[in-house]
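Enquirer: Sharing a structure here in structure tokens format.
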Amino acid sequence: MAAASPATLNEVVIKHRSSLHPRPDVTFAYGTAGFRTSADLLDSVIFRVGLLAALRSKKLGGKVIGVMVTASHNPEKDNGVKLVDPMGEMLHSSWEAYATQLANALSAEALIAALQQIILAAEIDLTVPATVVYGHDTRPSCPGLVKALEDGLESIGVKGIAAGLVTTPQLHYLVRCYNTQGTKEAYGEATLEGYYQKLAAAYTTLAKGRHLLPALTIDCANGVGAPALKAFSSVISHDILPLIITRDDTTTRGALNSECGADYVKTKQQAPPGTTLVPYQRYCSYDGDADRIVYYYADDKGVFHLLDGDKIAGLVAGFIMDLVKEAGLELEVGVVQTAYANGASTEYLTNKVPTTCVPTGVKHLHHAAESYPIGVYFEANGHGTVLFSPTALSTIASHPTPSPALANLQAVTEVINQTVGDALSDMLLVETVLLHRKWGPGEWDAAYTDLPNRLVKVFVKDRYAFSTEDAERKVVTPEGLQAGVEAIVGKTEKGRSFVRPSGTEDCVRVYAEAATRELADGESTFSRRRALNEAKQAND
Ligand code: G16
């Protein structure tokens, strides 16, 4: 932990260190998941994020702030960085502008001026000691970028706690543990060992005495999920959780997220090449930093079926609702989705539970889920978790009538990583439900049939020319684009389509769904062509 700090910035040190991390001629923006771009452009940004993380910790009375260096599902050549607030949630949106401001300061002097402005505007007491815990994924660019982060922290007098190689959700977990230890909200032991033991103990409680399912095959996207999963499987009995770990090559250059991982499977709607799907066996894919998961299987005709975030939300919400009822509790369960949720899933869920639609990005989903006693949030891409409100947790903990359902509900609150989407923890939750329901993937999938859909990336000159409203379901600019989309969608059975700029990649995403595969593909082709034309016009 840091010692008491001086009341002013050491401008000489910051200027000198900043000169060692020169800013490229690029404009940066703190987007959906922090800063994310080509790794060779990020050195100055990450140095400055170190400064900002220290200020954020000071502003919050010395609470531990997290910094994760990762670009998650992006190609290996990219990297990124995001800040984690004290309860393990995403950086408060009011500070995103500060992050952008610091990243874009044109010189060392401008950087000092921007820091001073933030200190003044946010009323930060520099004498408060700051603590920052930081970790990184398996990208080859991480060691250099972590060094830049450490330079930033040191130049503002903060030592920092190095968590090393971690999944994104592990870093979120550690932050929350540090900030709650010794309180009645203590979340767990602030070590990776503590994380593995907590999940293993909860899952063992949930799986005990149940018939084993056949082994689950996991594609780790050749990312940090592989070592994490191996560490986890060493603390849980193979008899409780038989796993087959694949795509675990974290040393071959270019392997990360390449033709594997959750994003590949979700976008291509197929298993990673070379995977032989045994009918009705369970397969899942993590993404590069293990904060997303999708399941899939093949039926007896060899047809591929995807069990994405929407399907996970439906499975989990139904299970928790049943446990709540069986335990004799009255706690409302709500589900949060985004525009990417398949129309069939929204129809299925809205008939069962209150459902909210918010813009893409964990911070939006997390925030909306907090308004329910038990909030289940999942993006269709497999990013999600379950939040139990403090009242729900104390209601569960103090319920006077013990029952198996109550014990299971308690274990569910422990097995799920409530700080953020977590592939490993979500996997345990899905496995729990399947064990308890005695379901295979086919039974799980039977709840509803997804509308055929297509998600495509369109590379445009300026993605910032695209803006949206209505939880990203309507594109506002370029003008005329929405009318064009509606004209086609209106003529299409069960048609729905939207266009939005990505917050993590330099592209525009186009989603289309319809009653049949042919219609859905027609929609996305139309939207793509139209988006391209409009983008060109907007950039002229
Ligand atoms: C991040 C965000 C997710 C978002 C995804 C894609 O995921 O955390 O909420 O769905 O990016 O966002 P966009 O469509 O704006 O590029 P990850 O797993 O890449 O960190």
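Enquirer: Is region 15-37 home to any residue that is buried (at least 20 other Cβ atoms within 10 Å of the Cβ), out of contact with any Cys (no Cβ under 8 Å at 6 or more places or on another chain), in the same structural domain as residue 94 (by TED's automatic domain parsing) and within 24 Å of residue 129 (Cα to Cα)?
Expert: Yes, region 15-37 has at least one match.
Okay, residues lined up against (1) touching a His at 6+ places or on another chain (Cβ under 9 Å); (2) among the aromatic types (Phe, Trp, Tyr); (3) open to solvent by 30 Å² or more (accessible area, probe 1.4 Å):
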| site | (1), (2), (3) |
| --- | --- |
| 240 | no, no, yes |
| 256 | no, no, no |
| 263 | yes, no, yes |
| 279 | no, no, yes |
| 285 | no, no, no |
| 288 | yes, no, no |
| 291 | yes, no, no |
| 310 | no, no, no |
| 314 | no, no, no |
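Enquirer: Among 368, 339, 380, which is the only one that is open to solvent by less than 20 Å² (accessible area, probe 1.4 Å) and within 20 Å of residue 446 (Cβ to Cβ)?
Expert: Result of the check over 368, 339, 380: 380.
Enquirer: Of all residues in region 457-469, which are modelled with pLDDT of 95 or more and out of contact with any Pro (no Cβ under 9 Å at 6 or more places or on another chain)?
Expert: Scanning region 457-469 gives a single hit, 469.
Quick grid of which residues meet (1) in contact (Cβ under 8 Å) with a residue 40 or more places away in the chain; (2) part of a helix (DSSP H, G or I); (3) more than 16 Å from residue 425 (Cβ to Cβ); (4) away from the ligand (no atom under 16 Å from the Cβ):
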{"residue": "209", "(1), (2), (3), (4)": "no, no, yes, yes"}
{"residue": "217", "(1), (2), (3), (4)": "yes, no, yes, yes"}
{"residue": "237", "(1), (2), (3), (4)": "no, no, yes, yes"}
{"residue": "249", "(1), (2), (3), (4)": "no, no, yes, yes"}
{"residue": "254", "(1), (2), (3), (4)": "yes, no, yes, yes"}
{"residue": "267", "(1), (2), (3), (4)": "yes, yes, yes, no"}
{"residue": "278", "(1), (2), (3), (4)": "no, no, yes, yes"}
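Enquirer: Hey, another quick one. How many residues does region 97-109 contain that are touching a helix residue (DSSP H, G or I) at 6+ places or on another chain (Cβ under 9 Å) and part of a helix (DSSP H, G or I)?
Expert: 8
Enquirer: Considering only strands (runs of 3 or more DSSP E) fully contained in region 420-488, which possess at least 1 residues that are more than 15 Å from the ligand (Cβ to nearest atom), hydrophobic (A, V, I, L, M, F, W, C) and open to solvent by 30 Å² or more (accessible area, probe 1.4 Å)?
Expert: Because the criterion is at least 1 residues that are more than 15 Å from the ligand (Cβ to nearest atom), hydrophobic (A, V, I, L, M, F, W, C) and open to solvent by 30 Å² or more (accessible area, probe 1.4 Å), the strands (runs of 3 or more DSSP E) in region 420-488 that meet it are 474-477.
Enquirer: Can you tell me which condition residue 300 does not meet? The list is (1) in the same structural domain as residue 249 (by TED's automatic domain parsing); (2) crowded, with 20+ Cβ neighbours inside 10 Å; (3) of a type outside the set (Val, Ile, Thr), and all the others hold.
Expert: Tallying (1) in the same structural domain as residue 249 (by TED's automatic domain parsing); (2) crowded, with 20+ Cβ neighbours inside 10 Å; (3) of a type outside the set (Val, Ile, Thr), residue 300 fails exactly one: (2).
The values are calculated or read from the model by the stated rules, or taken from the named source; none is laboratory data. A quick note: this is a predicted structure, and the numbers were derived from the prediction, not measured. Cβ sites come from the backbone with ideal geometry, for glycine too, and all protein chains shown count toward neighbours. These area figures cover heavy atoms from the full protein model, side chains too; ligands, DNA and RNA do not enter into them. Shrake-Rupley method; radii C 1.70, N 1.55, O 1.52, S 1.80 Å.
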